[in-house]
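The values are calculated or read from the model by the stated rules, or taken from the named source; none is laboratory data. The structure displayed is predicted, hence computed values, not measured ones. FYI the Cβ positions are ideal-geometry reconstructions off the backbone, even for glycines, and counts take in every protein chain you see. Each accessible area value is taken on the protein alone, full model and side chains, heavy atoms only, with ligands, DNA and RNA left out. Shrake-Rupley method; radii C 1.70, N 1.55, O 1.52, S 1.80 Å.
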Amino acid sequence: MSEEKKTILKIEDLHKSFGDNEVLKGVSLSLNKGENKVIIGPSGTGKSTLLNNVNRLVPPDRGRIYLDGEEITSQNINKMRQEIGFVFQDFGLFNHLTALGNVKVGLTKVKKMDKQDAQDLAMEELRRVGLEESAEQYPAELSGGQKQRVGIARALAMQPKLILFDEPTSALDPELIGEVLNVMKNLAKEGMTMLVVTHEMGFARTVSDEIIFMENGYIVEQGPPKQLFNNPDTERTREFLFKLTELYGEGDE
Amino acid sequence: MLGGALVTIRLTFFSLLLGLALAIPIAFLQIYGPKVVRRFISVYERVVRSIPLLVILFLIFYGFPRAGINFPAFAAAVLGIGIRSSAYQSQIFKGAIQSISGSQMKAALSLGMTSLQSFKNIILPQSIRIAIPPMANESAIVLKDTSLAYALGVIELLRQGGYIISTTYRPLPIYLAVAGVYLVMTLTINITLNKFEKRLKIPGIGIEERVR
């Protein structure tokens, strides 16, 4: 019964400045295996920077980050990145490769997997996001929602310990958001460990284990969605959630 | 005249190849390299592009031997034309590389690729496609510039024409024929690279152009 809580990601006192602008002013959080946490907050408060710090696409100035107990440094970064999936707001698909090629390339070039095995696994991941029929299509031939699902399949194929989502639906037309969120919901159900930056309140409310509200480089408040929505500690949290809910709706379910 | 045309083709081929071999690492370093290297490269490009090609050729062929560096005429011509072309080709590739969105580089790194792997597997294959039309242009320029190897005594198309004129005394038809051969070769380069571009086209990209 009692599922052992294993910490997958631990962030301690993270600081990051761009010039004079201190974007992260000491952020700490941790994520257990299978947990799903959503980071919300006004734009420019360091949410994306935080995710980019985790896999050092933007190296932090100060603070420590542990993946599965091992500190992430610039020395082991390529190995660590294989274990951290990243889903980008603007997809970042490789335009010269088919959907299948996009999912496969990390397996063949980074993991040095056998061609046929990589092909099978990539196809399996495309199936998981409902895109096996688009396997041979190029990114420019796909809709935004399909592109992002390829992005998710590409991250999944690497068998990561954790996936970071950086506003995965913000570049999408409203009617395409649902298909991406559904894929993410299924992943959460399957027990994938996820850290998601999003404005989708419906997703945060119904899927996440915890909501982290960030503003001005600090975590203002974090806790289970029910608590934050119904009984937040700070007035600011209440105000922000109210605004977001008003703007984006309560979400389905 | 066929012999001269073949020499012109060989000059063009090796000069372009040398230019390309230098241009890709130059472009890579100019974008991803450390600041000192970037500074050094932009000076190199500025200098190379500011000197007339004939001066570069004379410098290599007549000047360098004084410093103990001797090149046969053909090699000196390839070196001079190739170095000059590298400065232009690297500009072509720099632009092509920069036109590939930064998020693809980030995505490649996020999969655990090294920056060199990302460049080789993701950025370069797309840059090459973008670089084809300006490369067709550069190839035509290099082809025509090989006529300057004449001045080093390389028996290429133009000098061969000169030899024929000296025995036949008919400059008009001979120079017209020389010009005609250059024209045919330039067109061949353009048509070939055009086909190449079409064959390598990424499905779904460039549809806007057809509509227009």
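State whether the residues of the stretch A:98-121 include one that is surrounded by 18 or more Cβ atoms within 10 Å (Cβ to Cβ), under 28 Å from B:I128 (Cα atoms), at the interface with another protein chain (Cβ under 8 Å from one of its Cβ atoms) and not hydrophobic (A, V, I, L, M, F, W, C). Yes, the stretch A:98-121 contains a residue that is surrounded by 18 or more Cβ atoms within 10 Å (Cβ to Cβ), under 28 Å from B:I128 (Cα atoms), at the interface with another protein chain (Cβ under 8 Å from one of its Cβ atoms) and not hydrophobic (A, V, I, L, M, F, W, C). Residues that are among the aliphatic types (A, V, I, L, M) and open to solvent by 40 Å² or more (accessible area, probe 1.4 Å) within the stretch B:32-49 comprise B:V36, B:V37, B:V43, B:V47, listed in sequence order. With respect to the conditions (1) within 15 Å of B:E138 (Cα to Cα); (2) at pLDDT below 95, B:L11 lacks only one, and its number is (2). Whether a residue is within 12 Å of chain B (Cβ to nearest Cβ) and either out of contact with any helix residue (DSSP H, G or I) (no Cβ under 8 Å at 6 or more places or on another chain) or within 30 Å of B:P203 (Cα to Cα) (or both) was assessed, and A:K189 does not pass this test. Within the stretch A:40-70, being free of Cβ contacts under 8 Å to residues at least 60 places away in the same chain, away from chain B (no Cβ under 14 Å) and either surrounded by 13 or more Cβ atoms within 10 Å (Cβ to Cβ) or under 18 Å from the mean Cα position of the chain (by Cα) (or both) holds for A:S43, A:G44, A:P60, A:D61, A:G63, A:R64, A:I65, A:Y66.
Can you find a residue in the stretch B:79-86 that is farther than 30 Å from A:K161 by Cβ and either of a type in the set (D, E, K, R) or surrounded by fewer than 18 Cβ atoms within 10 Å (Cβ to Cβ) (or both)? Looking for residues that are farther than 30 Å from A:K161 by Cβ and either of a type in the set (D, E, K, R) or surrounded by fewer than 18 Cβ atoms within 10 Å (Cβ to Cβ) (or both), one finds at least one in the stretch B:79-86, hence yes. Scanning the stretch A:126-139 for residues that are open to solvent by less than 60 Å² (accessible area, probe 1.4 Å), within 13 Å of another protein chain (Cβ to nearest Cβ) and without any contact (Cβ under 8 Å) to a residue 40 or more places away in the chain yields one hit, A:S134.
Could you check, for the stretch B:110-128, whether at least one of its residues is open to solvent by 30 Å² or more (accessible area, probe 1.4 Å), of a type in the set (S, T, N, Q), within 11 Å of chain A (Cβ to nearest Cβ) and more than 26 Å from B:Y44 (Cα to Cα)? Yes, the stretch B:110-128 contains a residue that is open to solvent by 30 Å² or more (accessible area, probe 1.4 Å), of a type in the set (S, T, N, Q), within 11 Å of chain A (Cβ to nearest Cβ) and more than 26 Å from B:Y44 (Cα to Cα). Listed by position, the helices (runs of 4 or more DSSP H) inside the stretch B:21-127 whose residues that are within 20 Å of the chain's Cα centre (by Cα) and more than 25 Å from B:K144 (Cα to Cα) number at least 2 are B:35-50, B:73-98. Residues that are over 14 Å from B:I31 (Cβ atoms) and of a type in the set (A, V, I, L, M) are absent from the stretch B:88-106 altogether.
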